[in-house]
Amino acid sequence: MDLSTGSAIFDSLGVNRVINGRGWITVVGGSIMPPEVATAMSEATDSYVDLNELNLAAGRAIAGYTGAEAGLVVAGAGAGLMLQAAACITGSDPELRQRLPDTDGVPNEILIHSGHVTNYTGCYRSAGAKVVTWGDGDGPADEQLETAIGPDTAAIAYVFHPWNSSPLTLEQTVTIAHARDLPVVVDAAVMLPPASSLTTYIEQGADMVTFSGGKGLRGPQSTGILCGRSDLIEAARLNNAPNHGIGRPAKVCKEEIAGLIAALNLFVRTDHEAEWAVWRARSAVIASAVNDIPGLEVKIEDNDPNRAGPAVAVYFRDGWDGPDAEAILERLAARKPSIRAGSGNYDNELFITPVTLKEGEEHIVASALREDLLA
Ligand SMILES: *Cc1c(COP(=O)(O)O)cnc(C)c1O
């Protein structure tokens, strides 16, 4: 494999390339932008525009794709979560916008089911919100949520993620929240593809939804989408750069806005079934390289509707006396280029997702995995 692919800057800095079998994950570079997206970004750098005008226009394009009243390009879904909290706390009040993250004396609690807490839940706090979990008490879930709502509740958060769940559906949560005039804010960072997610949560009554722009959407890594009710999106916009609010450090530049819109235009035209078939074939190459090894159970996990693509899971079973999953991950990572795989959701499991492999890399991963398992 040609190690000098990509940026000459990486080479001049002496930075190695990674073969990414972990998926659209920030720490290994997120995603690779298709040429259409990269071109949109380099063309956008050729002229000045009024950023407020561009933000509003890009927001209308997002509204068109999501069926929401309004949209906004944000600096990743993480910024989307911060702006959801900011918008729900400040509403249209300019003085409140000026004093975030100080939320003294105004409703500032974001309620979230304990099963929905992720590494990203803290993003709400950066707007000055207080995160309050519910769901660990006794009794039916709907009653527990109703009891948790109080005078300081600003919004109810809802998360879609393969590893997270709540006993209430989004629609049930919306019914309870709307009866109290409270907004429901959704974290759907990892839910693209499928393309249907663009509209599903809005249809189900969510007041604001955020998606990563730099995961399965394959836009610029540092972008995201926020969409929802027009009053809340306007509040989010005013809290965000280029305005001087809590979101000023979460700036999105004109090139990124152009790239995100180009990525959306491309995403909705993509044949996702054909793409899935390519990923399935890559999974089969990797699985078949190791599924004869005694003590391993190798599965292609292909039918989880909450996942953006298939994946290869390798379980170490009784009778396996080779190195454990952690040691294998280290061996793969020590290679040049470094091969990164995941550790899955169970003890002693290896998890390889083909969605971020470049064409042909499945063969490199397959033979490296076999070699490192048998070494
Ligand atoms: C990745 C992720 C985020 C953050 O998204 P970015 O676009 O990287 O900021 C938020 N929530 C969840 C559940 C995620 O997986």
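Measure off, as a whole percent, the carbon and sulfur share of the 1.4 Å-probe accessible area of the chain, all protein chains present. Display every interim value, and only then the final one.
Working: 8560 of 17020 Å².
Percent of accessible area from carbon and sulfur atoms in the chain: 50.
Using only helices, what value at 222 nm comes out for the chain when you add -39,500 (n - 2.57) per DSSP H run of length 4 or more and divide by the total residues, to the nearest 500 deg cm²/dmol? List each step's numbers first, then the result.
Details: 14 runs with 147 residues, N = 375.
Calculated mean residue ellipticity at 222 nm is -11500 deg cm²/dmol.
Calculate the length of the line joining the C-alpha centroid of the stretch 149-192 to that of the stretch 330-350, in whole Å.
Using only Cα atoms to place each centre, the spacing works out to 34 Å.
Which value, in Å to one decimal place, does the Kirkwood hydrodynamic radius take for the chain when every pair of different Cα atoms is included?
22.0 Å
How much accessible area per residue does the stretch 35-269 have, in Å², with a 1.4 Å probe? Please report the intermediate quantities before stating the final value.
Numbers: 9600 Å² over 235 residues.
Heavy-atom SASA per residue in the stretch 35-269 reads 41 Å².
Under 20 °C and 1.002 mPa s, how fast does the stretch 109-156 diffuse according to Stokes-Einstein, given a Kirkwood radius computed over C-alpha pairs? Answer in µm²/s, whole number. Don't skip to the end; give the middle numbers.
Details: Rh = 11.1 Å.
Translational diffusion coefficient: 193 µm²/s.
Quick one: what are the phi-derived ³J(HN,Hα) couplings along the stretch 197-213, Karplus 6.51/-1.76/1.60 with θ = phi - 60°, whole Hz, x for glycine and proline?
4, 3, 10, 4, 6, 5, 4, 7, x, 4, 8, 8, 9, 10, 10, 5, x
Check cross-link reach from Lys215 to the lysines: straight Cα distance under 26 Å, and skip same-chain residues fewer than eight apart.
Filter leaves Lys251, Lys254, Lys299, Lys336, Lys358.
Go ahead and set up a Gaussian network model of the chain, Cα springs under 10 Å, then flag whichever of Ala141, Ala179, Ala235 fluctuates most.
Among Ala141, Ala179, Ala235, the largest mean-square fluctuation in the Gaussian network model of the chain belongs to Ala179.
On average over all directions, what projected area in square nanometres does the stretch 237-375 have, based on the convex hull of its Cα atoms? Kindly include the intermediate steps, with their values, before the conclusion.
Values: hull surface 46.1 nm².
Hull-based average projected area comes out at 11.5 nm².
Which of Gly29, Gly219, Gly228 moves the most in a Gaussian network model of the chain with Cα springs under 10 Å?
Gly29
What residue among Val159, Val15, Val49 has the largest mean-square fluctuation in a Gaussian network model of the chain, using Cα springs under 10 Å?
Among Val159, Val15, Val49, the largest mean-square fluctuation in the Gaussian network model of the chain belongs to Val15.
Would you mind checking which residues have amide H under 5 Å from Thr133's amide H? H placed 1.01 Å from N; only 5 or more apart, or other chain.
Residues meeting the criterion, in which the H sits 1.01 Å from N, are Ile112.
Roll a 1.4 Å probe over the protein heavy atoms and report the accessible area of Asp152 in Å², nearest 10.
For Asp152, the solvent-accessible surface is approximately 70 Å².
Probe radius 1.4 Å, ligands and nucleic acids left out: which of Thr200, Thr175, Thr121 has the largest accessible area, and how do the rest follow? Kindly include the intermediate steps, with their values, before the conclusion.
Working: Thr200 40, Thr175 95, Thr121 10 Å².
Of Thr200, Thr175, Thr121, the descending order of accessible area is Thr175, Thr200, Thr121.
When all protein chains stay in place, what accessible area (Å², nearest 10, 1.4 Å probe) is found for Val278?
It works out to around 70 Å².
The values are calculated or read from the model by the stated rules, or taken from the named source; none is laboratory data. Predicted, not measured: the structure shown is a model, and the values here were computed from it. To get the accessible areas, we keep the full protein, side chains included, count just its heavy atoms, and leave off ligands, DNA and RNA. Shrake-Rupley method; radii C 1.70, N 1.55, O 1.52, S 1.80 Å.
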